[in-house]
Amino acid sequence: MYQRIVIKLGTSVLTGGTPRLDRPQMVDLARQCHQLVKQGKEIILCSSGAIALGREELSFPELPPTVNSKQMLAAVGQSRLMMRWDSYFHIYGLHVGQILLTRSDLENRRRFLNARDTLLALLEHGIIPIINENDAVATEEIKVGDNDNLSAMVAILGEADLLLMLTDQPGLFTADPRTDPEAQLIPEVRTIDETLRRLAGGSISGLGVGGMATKLNAADVARRGGADVIIASGRAPDVILRAARGEPIGTRFPALEQPLESRKRWIFAGPRPSGQAVIDAGAAAALCRHGRSLLPAGIVQVLGEFERGDTISITDANQEELARGIARYGSADLARIAGRQSDAIAAELGYDRGPVAVHRNDMILL
Ligand code: GLU
C-alpha cells in the first residue's frame, strides 16, 4: 500500500526499556525492512540511540548533565550505532548510508534540496538511509531537538507517503493506560485539537526525548506534508510489515487531502520563524478566506528581527498564528511601511521590492 516509508525508531524501541541496545530487536527490525525492500518499497530510517549507545560503550560514566556531555556521548555512540545497523542490514545483503542533519540544514532552501538529493540517490541505489540529528555538533539554537520532529521533516524531505513512528506504547490512548484501566487505544485521528493535545501532554517515555505531545506535533507536520502517520509499538510482531500493508495498527493520522506543494512543505518543515507580523482583521480575512498575499497595509505591528527572505509568523492581535511565510522585506523596513498603502513603499524606503509583504506563493495557512 505504501511505497516510501520513513520509520522513526526511538531509543526506547532499540533498548526495550533497558540501558542497552537490544540486538535481536534491531536485527528483527532490519529483517522487516528487508522484506519491504524485496517488495520494491523504499525505506528511510530515522534512528535514535546514539547517546544511549555512547553511554553503554563508555560503561555508563558519571557525567554532569550538560549539553557537552551529551555531545560527547553522541560522538562516541553515533559511529557505533551505524556499525551496528551496518552489520544487521548486511545479514540481509543491504547497504546503509548515514545522513546527520540539524535544523540549519533544513532551514536553508539550497541545503534542504542538497540533502534531498543525497537521500534520493541512496534510495535509487537500494541503500537504506539512516538519519539522526547531528548531536555531536548541534547547539541548542540549530537543533531540531527530538527525533519525532526530525522524522517528520525527513518525511517531508523525502516525500514519503508513510511516517511510521515506533515507540514503547501501542499508540495514543483516551487516557493514560498505565494508571487508567478504562483507557482505550485511539485507532484514527482526523483532527488534532486541544483535547487531544491535553491527552498526549502527560505521557513521557523512558530514555528518549519526545513524549506523545511531541509525537502529536510531528504527526501534524508530516500529515500536512502529505504523509500518513502511524504511531505504534516497536515491539508489536511484524509491526513494520503490517503498517506498510495498511493493516490497522496503532494510531493512524491520515494525510491531509490537499497536501502542501513542495516549496510550501519546506516553509512548514524547515525554517523556524524569526519574527512576527501582527495583522488586522481585514488582512486576516484576505489571507484566510480569499487566499490573498499579505500587504503592508494590513500589518499593525512587526516583532522580532528578520531579514528579507526569512520565514516569519503571521498572527492576529491575539497572537494566534494564522500563517507562516517568507518576508519580502526585512523587519526594520517592514515596520516602516506597516499600515501604509503599497504605492507608498518606494517613497518611504527609497526602494521597492514589490507591493506585498509576504506573497501567497510563499505562505502557508495554518
Ligand atoms: N538524537 C538522539 C540520539 O540519537 C535521540 C533524540 C530523540 O530520541 O529524540 O540519541
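Every number in this text was worked out from the coordinates using simple rules, so none of it is lab data. A quick note: this is a predicted structure, and the numbers were derived from the prediction, not measured. With ideal geometry, Cβ positions are generated from the backbone for all residues, glycine too; neighbour counts draw on all protein chains shown.
Points to keep in mind about this one:
- Among the trypsin sites (Lys or Arg not before Pro) within segment 258-366, those in coil by DSSP and having at most 16 neighbouring Cβ atoms inside 10 Å are ARG289, ARG292, ARG308, ARG340, ARG353.
- Split the chain at each of the GluC sites (Glu not before Pro) in a DSSP loop with at most 14 other beta carbon atoms within 10 Å, and the longest piece is 63-181.
- Neighbour-limited loop hits for trypsin sites (Lys or Arg not before Pro), segment 105-201 (at most 13 other Cβ within 10 Å; DSSP other than H, G, I, E, B): ARG178, ARG190
- Distance from segment 69-137 to segment 1-47 (C-alpha centre basis), Å: 14 Å
- q = 0.14, 0.16 Å⁻¹: log10 I(q)/I(0) that the Debye formula gives for segment 209-366, counting C-alpha atoms only: -0.73, -0.87
- Membrane-span-like helices in the chain, defined purely by DSSP H runs whose alpha carbon atoms cover 27 Å or more axially and whose average Kyte-Doolittle hydropathy reaches -0.5, are 67-91.
- The stretch between CYS288 and GLU182, if pulled fully straight at 0.36 nm per residue, gains 34.1 nm over its current Cα-Cα span.
- Helix-only [θ]222 nm of the chain, DSSP H runs n ≥ 4, -39500 (n - 2.57) each, per residue, nearest 500: -11500 deg cm²/dmol
- Under 22 Å from LYS143, Cα to Cα: lysines that are on another chain or at least 8 residues apart: LYS8, LYS70, LYS215, LYS264
- Working note: Debye formula, equal point scatterers on the alpha-carbon atoms of segment 4-54, no solvent; log10 I(q)/I(0) at q = 0.27 Å⁻¹ is -1.02.
- Taken over the C-alpha atoms, the chain has Rg and Dmax values of 22.0, 70 angstrom.
- Relative intensity, log₁₀ I(q)/I(0), of segment 33-84 from a Debye sum that treats every alpha carbon as a point, q = 0.13, 0.22, 0.25, 0.30 Å⁻¹: -0.42, -0.75, -0.87, -1.09
- Gap separating the Cα centres of segment 266-298 and segment 138-160, nearest whole Å: 24 Å
- Between segment 301-366 and segment 222-263, the C-alpha centres lie 36 angstrom from each other.
- DSSP beta bridges in the chain [antiparallel fraction, %, rounded to 5]: 40 percent
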